[in-house]
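Notes for the one structure printed next.
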Amino acid sequence: MPHRQNRLGRIALRWGLYILLGLFALYYLMPLFVMVTTSLKSLEEIRTGSLVALPRDVTFEPWRTAWAHACTGIQCEGLRPYFWNSVMLAVPAVAISTLLGAINGYVVAQWRFKGANIIFSLMLFGCFIPFQVVLLPMARVLGMLGLAGSISGLVFVHVIYGIGFTTLFFRNYYVNIPVELVKAAKVDGAGFFRIFWAIFLPLSLPIIVVTVIWQFTQIWNDFLFGVSFSQAGTQPITVALNNIVNSTTGVKEYNVDMAAAIIAALPTLLVYVVAGKYFIRGLTAGSVKG
Amino acid sequence: MAPILEVKNLVKNFGATEVLKDINIAIEPGEFLVLVGPSGCGKSTLLNCIAGLEPITGGSVEIGGQDMTHVSPKDRNIAMVFQSYALYPTMTVAKNITFGMKVRGLDQATQERKLAEVAAQLQIEELLNRRPGQLSGGQRQRVAMGRALVRDPKLFLFDEPLSNLDAKLRVEMRSEIKKLHHNLDATMVYVTHDQIEAMTLASKIVVLKGGIVQQIGSPAEIYNRPANLFVADFMGSPAMNLVPARAVANGKGVRIEIEREGGDTLILTDKEHSGLPENVVLGLRPEDIAEKGFRAGTNVQDATCLVDMVEPAGADTYVVSKLGGTMVTARLHAETGAKTGQMIDLSFDLSKVSYFVPETGERLN
């Protein structure tokens with residue numbers, strides 16, 4: 001009975017696919033699993049037990065240490081102050097770069113002017129400049145502005161670097177909105193900013209979410225700008241994490257390192273979980289005409 | 001009375017391309033002007049220029065007796081309805097309609113009174129709390145009209161407002177716009193590529209082609225006395241028959257000779273027109289060719305023609321015959337006995353004829 005064979009073959013194929021996908025999932029989850037379990041073990045247990053074993057006695061001491069007592073060089077305040085540095089850096093930087101990107105995209109897509117394409121191309125070009133290239137000139141500019149070593153300086157750097165991407169996102173989103181909408185609003189008497197606030201911004205939730213996720217991930221995870229343009233007291237969490245892991249005296253506290261790494265990664269994870277479904281929707285929104 | 005809209009010597013270029021060339025149009029209060037032409041003829045651009053949404057390269061635009069050439073759209077005292085309706089997607093119908101008043105800072109009470117008036121007029125009261133996405137095409141169209149009506153402007157501008165609707169709804173909305181024009185006694189400029197829309201709505205038609213005005217006139221003038229071959233061919237459905245012919249002076253009138261296949265020349269005698277050059281294009285609408293005995297008049301000529309095709313269309317039957325190298329359509333009554341391949345006696349009403357110069361397309365009579 002060929003029909004039956006065909007059916008069995010399909011089921012086998014389906015199961016084979018699921019098993020393969022399951023293996024891949026396990027493979028990718030392995031590091032996270034090791035990180036979480038290790039962070040919950042005592043140093044004693046790490047030394048004696050297996051890397052992949054579940055913790056015998058669950059302890060939250062490494063997390064407490066990583067948060068409040070771990071040493072970065074000579075200071076032993078944990079990640080806490082640097083976590084707040086990163087929050088104070090990421091929140092304004094994300095907000096400002098997203099807003100500027102929205103306005104830029106709105107102008108480039110809907111208020112065509114002579115040279116609009118050239119300006120947009122130049123902004124796109126900005127997305128492809130490697131971080132390392134701008135380090136020295138940026139340090140000079142920050143110095144001249146009196147922002148060297150401050151969190152405001154880092155916000156400034158990330159806003160500048162983010163505008164290219166945020167403009168690209170918003171421009172591609174707004175370019176699909178019919179130009180007649182702006183025309184209708186102009187006839188209705190609305191001006192440049194009124195049209196932006198009352199008509200375009202309320203339409204933009206999906207692309208705002210995409211931009212916020214993108215920018216937040218970039219800025220929160222950035223290490224190079226953080227390490228280059230900060231000083232003691234203004235370092236972001238990535239730099240502090242590096243310092244904790246690399247400045248061990250005596251025994252290497254793997255459990256504290258793991259807990260610290262998870263703490264540093266949690267905010268971006270959280271943003272994905274909360275806004276993830278909008279992310280996919282927003283990324284594809286540009287390609288399908290609403 | 002002073003014209004509501006006066007466009008003088010308007011020129012519009014996009015870079016090096018000339019889109020509109022020396023346009024001159026004037027509209028009296030209460031007129032319904034339709035700009036019609038094939039796609040790419042510049043009619044929408046002209047409307048945008050009138051609205052102030054496109055800067056003009058030369059000439060001037062006056063609205064209500066004031067020079068508006070460099071005035072921004074919001075101060076031109078106009079309202080506009082767009083092809084895609086351009087409703088604000090995140091606002092309710094009510095907010096869409098009142099947005100303009102809100103921007104202009106009208107007080108809440110006035111806004112609500114005007115909204116209620118317009119909603120009643122267009123019968124959209126039950127839609128006021130919905131969003132554009134929840135409306136059908138026809139309903140969106142009404143809301144877009146409401147947004148224009150509520151402004152109470154000197155001049156209404158319509159940019160192909162019915163093109164996105166299906167055929168049945170289009171006819172309905174067409175008569176509704178006509179009624180609205182009548183009831184409001186408003187002045188309107190309406191852009192369309194549909195010549196039937198132009199004929200049914202307009203009190204004055206402007207035919208555009210390649211950014212040049214071909215003819216301005218009432219629908220009857222445009223239909224009966226097209227200024228050139230383009231207008232003759234563009235306006236009317238089925239199109240006017242345009243047949244190459246030879247004209248030979250014949251006493252008071254003219255003898256028209258039309259070549260046929262097989263060497264047998266069709267000869268008509270036009271008693272009314274004279275002074276034609278030798279080669280002309282004869283233009284005659286399908287309804288001006290009838291079956292023999294169904295058309296009377298002083299200048300009706302009969303001739304026997306071969307039927308190449310019969311197309312019954314319900315109310316009428318179209319009979320196609322090859323004359324002068326082109327297919328000539330005659331509009332006969334529904335019960336005609338015409339059969340493909342047979343001969344039929346047709347009456348040509350030459351009192352309705354148009355003559356054109358073959359090379360330039362200009363009208364001769």
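Of the strands (runs of 3 or more DSSP E) lying entirely inside region B:306-365, those carrying at least 1 residues that are β-branched (Val, Ile, Thr) are B:309-312, B:316-323, B:326-333, B:343-349. Within the set A:65, A:59, the sole residue that is surrounded by 10 or more Cβ atoms within 10 Å (Cβ to Cβ) and within 26 Å of the chain's Cα centre (by Cα) turns out to be A:65.
Could you please let me know if residue A:24 is surrounded by fewer than 20 Cβ atoms within 10 Å (Cβ to Cβ), without any contact (Cβ under 8 Å) to a residue 40 or more places away in the chain and under 23 Å from the mean Cα position of the chain (by Cα)? Answer is no for this residue. Against the list (1) assigned to a helix (DSSP H, G or I); (2) more than 16 Å from residue A:257 (Cβ to Cβ); (3) of a type outside the set (A, V, I, L, M, F, W, C), the condition residue A:65 fails is (2).
Checking each residue in region B:15-41 for being under 12 Å from residue B:211 (Cα atoms), over 20 Å from the mean Cα position of the chain (by Cα) and loosely packed, with under 15 Cβ neighbours inside 10 Å picks out B:17, B:22.
The helices (runs of 4 or more DSSP H) found entirely in region B:17-131 include none that carry 2 or more residues being at positive phi and within 14 Å of another protein chain (Cβ to nearest Cβ).
Residue check: is residue B:202 hydrophobic (A, V, I, L, M, F, W, C), within 25 Å of residue B:73 (Cβ to Cβ) and crowded, with 22+ Cβ neighbours inside 10 Å? So residue B:202 passes the test. Restricting region A:258-277 to residues that are under 15 Å from the mean Cα position of the chain (by Cα) and not aliphatic (A, V, I, L, M) leaves a set whose member that is surrounded by the fewest Cβ atoms within 10 Å (Cβ to Cβ) is A:276.
If you filter region B:275-331 down to residues that are among the hydroxyl-bearing types (Ser, Thr, Tyr) and without any contact (Cβ under 8 Å) to a residue 60 or more places away in the chain, you find that the one that is farthest from residue B:225 (Cα to Cα) is B:304. Just one of (1) touching a Cys at 6+ places or on another chain (Cβ under 6 Å); (2) closer than 28 Å to residue B:136 by Cα; (3) not hydroxyl-bearing (Ser, Thr, Tyr) fails for residue B:194. It is (1). Pairs please, first residue from region B:341-359 and on the phi > 0 side of the Ramachandran plot, second anywhere and of a type in the set (A, V, I, L, M, F, W, C), Cβ atoms under 9 Å, 6+ apart in sequence or on different chains. Partner pairs satisfying both residue conditions: B:341/B:306; B:341/B:307.
Residues in region A:260-281 that are at pLDDT 90 or above and touching a Leu at 6+ places or on another chain (Cβ under 8 Å): A:260, A:261, A:263, A:264.
Within the bounds of region B:145-161, is there any residue that is away from chain A (no Cβ under 14 Å), touching a residue at least 12 places away in the same chain (Cβ under 8 Å) and not β-branched (Val, Ile, Thr)?
no
Checked against (1) more than 14 Å from the chain's Cα centre (by Cα); (2) within 30 Å of residue A:151 (Cα to Cα), residue A:179 passes all but condition (2).
Residues are listed down the side, and each one gets a yes or a no for (1) modelled with pLDDT under 95; (2) surrounded by fewer than 23 Cβ atoms within 10 Å (Cβ to Cβ); (3) in contact with a Lys or Arg (Cβ under 6 Å, 6 or more places away or on another chain):
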position	(1), (2), (3)
B:55	yes, yes, no
B:64	yes, yes, yes
B:67	yes, yes, no
B:70	yes, yes, no
B:74	yes, yes, no
B:77	yes, yes, yes
B:85	yes, no, yes
B:88	yes, no, no
B:91	yes, yes, no
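Among the residues of region A:216-242, the one identified as farther than 14 Å from residue A:86 by Cβ and either surrounded by 17 or more Cβ atoms within 10 Å (Cβ to Cβ) or in contact with a His (Cβ under 8 Å, 6 or more places away or on another chain) (or both) is A:228. Scanning region B:3-16 for residues that are touching a helix residue (DSSP H, G or I) at 6+ places or on another chain (Cβ under 9 Å) and within 14 Å of another protein chain (Cβ to nearest Cβ) yields a single hit, B:14. Assigned to a helix (DSSP H, G or I), within 29 Å of residue B:277 (Cβ to Cβ) and either small (Gly, Ala, Ser) or modelled with pLDDT of 90 or more (or both): does that describe residue B:245? So residue B:245 fails the test.
Does residue B:184 meet the test of being buried (at least 16 other Cβ atoms within 10 Å of the Cβ) and either more than 28 Å from residue B:35 (Cβ to Cβ) or assigned by TED's automatic domain parsing to the domain that holds residue B:91 (or both)? Against the criterion (buried (at least 16 other Cβ atoms within 10 Å of the Cβ) and either more than 28 Å from residue B:35 (Cβ to Cβ) or assigned by TED's automatic domain parsing to the domain that holds residue B:91 (or both)), residue B:184 does not qualify. Entry remark, region A:138-193: residues being in contact with a helix residue (DSSP H, G or I) (Cβ under 6 Å, 6 or more places away or on another chain), within 14 Å of chain B (Cβ to nearest Cβ) and either basic (Lys, Arg) or part of a helix (DSSP H, G or I) (or both) number 6 in total. Report whether or not residue B:270 is touching a residue at least 12 places away in the same chain (Cβ under 8 Å), surrounded by 18 or more Cβ atoms within 10 Å (Cβ to Cβ), charged (D, E, K, R) and in contact with a Leu (Cβ under 8 Å, 6 or more places away or on another chain). Against the criterion (touching a residue at least 12 places away in the same chain (Cβ under 8 Å), surrounded by 18 or more Cβ atoms within 10 Å (Cβ to Cβ), charged (D, E, K, R) and in contact with a Leu (Cβ under 8 Å, 6 or more places away or on another chain)), residue B:270 qualifies.
Within region A:107-137, which residues are touching a residue at least 40 places away in the same chain (Cβ under 8 Å), part of a helix (DSSP H, G or I) and more than 24 Å from the chain's Cα centre (by Cα)? Matches in region A:107-137: A:108, A:109, A:110. Quick check on residue A:149: is it within 29 Å of residue A:268 (Cβ to Cβ) and surrounded by 20 or more Cβ atoms within 10 Å (Cβ to Cβ)? The answer is no for residue A:149.
The values are calculated or read from the model by the stated rules, or taken from the named source; none is laboratory data. All values reported here derive from a predicted model rather than from experimental measurement. Here the Cβ is made from the backbone with ideal geometry for all residues, glycine too, and neighbour counts use every protein chain on show.
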